[in-house]
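Read through the structure below, which is laid out as structure tokens, and then see the notes.
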Ligand SMILES: NC(=O)c1ccc[n+]([C@@H]2O[C@H](COP(=O)([O-])OP(=O)(O)OC[C@H]3O[C@@H](n4cnc5c(N)ncnc54)[C@H](OP(=O)(O)O)[C@@H]3O)[C@@H](O)[C@H]2O)c1
């Protein structure tokens, strides 16, 4: 992490395949038209890291926006970093490569920079993304374990189809055994993280192993009242002449994580990209915030907290 300009900071991956831009744009946007415009606005504002998922059901729109955006700006595929994620209903090893290829096809890409297992929970295999029994309970799949799925991701790397692999919505206790057994070590772990959920122990483990912790919901998912109105954050923002969103994103990058944010219009894309380093005392004040809050319960069930319920695949 040598780049002093936080906007351009890139973190090396532990597999020697390159770097991940620390500041990333997340595509968890339910509306297809907004997905296209927001993705394009993010590219135009300077974002070079795009986080997708088959479960967001908008990979086609992201692919369309990226293709048009690259053509219009003269950027090459290698200039951007694209991630997508394997959904819970595709954990069986024989389902991994077809799911990966389908994502690649929808995104109009011929390789991925990073492929993540979206959650450690395997759901009933099939095309139904949210399988439920008659009582509305999720139908899990006990015929596969996370290491089996991980092995199928390792094969994708062997075949040169994706450069790095990782996990999401995983706890430190679940990560350790995968890390220890993996032939190809996880390069990135994507979890909810912000000043109300700093995930300090997980971050320490990741730093020790060279794994990038990629934080989602850095602005508290925009939920009000919340981080964007926190008095410590607001006071720092006023003091340094930045917005609360810029303070929260700068803190995330300066503490050594990569971070994903979801601005939905051009003005917010520019705002969220325009971060600069906070002074040490401001970082310390944020680190001393005592409020603790997890916003997304996905880590307990595998059911996504911020995504509308899927009724069919
Ligand atoms: N692995 C997982 O399970 C998982 C879960 C959640 C998210 N993610 C990923 O992480 C990405 C980021 O998560 P997130 O969407 O929760 O991030 P976030 O940036 O914390 O929250 C996004 C919300 O904050 C508001 N916002 C954005 N910029 C703002 C600004 N400058 N000032 C005030 N409000 C602002 C927006 O609200 P408006 O709607 O009003 O514009 C937006 O909907 C997602 O897109 C997705 O890629 C992954």
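Residues of region 20-36 being more than 11 Å from the ligand (Cβ to nearest atom) and without any contact (Cβ under 8 Å) to a residue 60 or more places away in the chain, which ones?
32, 33, 36
Within region 285-294, can one find any residue that is touching a residue at least 40 places away in the same chain (Cβ under 8 Å) and within 10 Å of the ligand (Cβ to nearest atom)?
No, region 285-294 has no match at all.
Kindly check whether there is at least one residue in region 246-262 that is surrounded by fewer than 18 Cβ atoms within 10 Å (Cβ to Cβ) and near the ligand (Cβ under 8 Å from one of its atoms). Step through it out loud before you land on a result.
Of the residues in region 246-262, the ones surrounded by fewer than 18 Cβ atoms within 10 Å (Cβ to Cβ) are 256.
Applying the additional criterion that residues be near the ligand (Cβ under 8 Å from one of its atoms) yields none.
Checking region 246-262: not a single residue is surrounded by fewer than 18 Cβ atoms within 10 Å (Cβ to Cβ) and near the ligand (Cβ under 8 Å from one of its atoms).
Among the residues of region 198-205, are any closer than 20 Å to residue 284 by Cβ, modelled with pLDDT of 95 or more, within 14 Å of the ligand (Cβ to nearest atom) and in contact with a helix residue (DSSP H, G or I) (Cβ under 6 Å, 6 or more places away or on another chain)?
No, because not a single residue in region 198-205 is closer than 20 Å to residue 284 by Cβ, modelled with pLDDT of 95 or more, within 14 Å of the ligand (Cβ to nearest atom) and in contact with a helix residue (DSSP H, G or I) (Cβ under 6 Å, 6 or more places away or on another chain).
What are the residues in region 78-98 that are more than 16 Å from the ligand (Cβ to nearest atom) and either touching a helix residue (DSSP H, G or I) at 6+ places or on another chain (Cβ under 7 Å) or closer than 30 Å to residue 145 by Cα (or both), if any? Outline the logic, then answer.
We begin by selecting, within region 78-98, every residue more than 16 Å from the ligand (Cβ to nearest atom); these are 78-79, 92-98.
Selection gives 92, 93, 94, 95, 96, 97, 98.
Checking residue 270 against (1) in contact with a helix residue (DSSP H, G or I) (Cβ under 7 Å, 6 or more places away or on another chain); (2) assigned to a helix (DSSP H, G or I); (3) farther than 27 Å from residue 33 by Cβ: exactly one of these is not met. Which one?
With respect to (1) in contact with a helix residue (DSSP H, G or I) (Cβ under 7 Å, 6 or more places away or on another chain); (2) assigned to a helix (DSSP H, G or I); (3) farther than 27 Å from residue 33 by Cβ, residue 270 is out only on (3).
Of all the residues that make up region 228-244, how many are surrounded by fewer than 16 Cβ atoms within 10 Å (Cβ to Cβ) and either in a loop (DSSP other than H, G, I, E, B) or touching a strand residue (DSSP E or B) at 6+ places or on another chain (Cβ under 9 Å) (or both)?
So the count comes out to 1.
Consider residue 303 carefully, then state whether it is within 16 Å of the ligand (Cβ to nearest atom), over 27 Å from residue 13 (Cα atoms) and surrounded by 16 or more Cβ atoms within 10 Å (Cβ to Cβ). If you could, list the steps in order and put the result at the bottom.
Working: within 16 Å of the ligand (Cβ to nearest atom): yes; over 27 Å from residue 13 (Cα atoms): yes; surrounded by 16 or more Cβ atoms within 10 Å (Cβ to Cβ): yes.
Judged against the criteria, residue 303 is a match.
Only one of 281, 274 is loosely packed, with under 13 Cβ neighbours inside 10 Å and more than 29 Å from residue 170 (Cβ to Cβ); which? Walk me through how you get there before you give the answer.
Values: 274 fails: loosely packed, with under 13 Cβ neighbours inside 10 Å.
The match here is 281.
Sort out which residues of region 208-226 are more than 8 Å from the ligand (Cβ to nearest atom), in a helix (DSSP H, G or I) and touching a helix residue (DSSP H, G or I) at 6+ places or on another chain (Cβ under 7 Å), and write them in order of number.
The answer is 209, and nothing else.
Mind checking which residues of region 263-277 are touching a strand residue (DSSP E or B) at 6+ places or on another chain (Cβ under 9 Å), within 7 Å of the ligand (Cβ to nearest atom) and over 13 Å from residue 244 (Cα atoms)?
Correct list: 263 only.
Can you tell me how many residues within region 192-205 are farther than 18 Å from residue 254 by Cβ and crowded, with 20+ Cβ neighbours inside 10 Å?
If we filter region 192-205 for residues that are farther than 18 Å from residue 254 by Cβ, which is where we start, we get 192, 201, 205.
If we keep only those that are crowded, with 20+ Cβ neighbours inside 10 Å as well, we get 192.
Matching residues across region 192-205 total 1.
The values are calculated or read from the model by the stated rules, or taken from the named source; none is laboratory data. Values in this document were obtained by computation on a predicted structure and should not be read as measured data. So basically every Cβ, Gly included, is an ideal-geometry build from the backbone, and we count neighbours across all protein chains shown.
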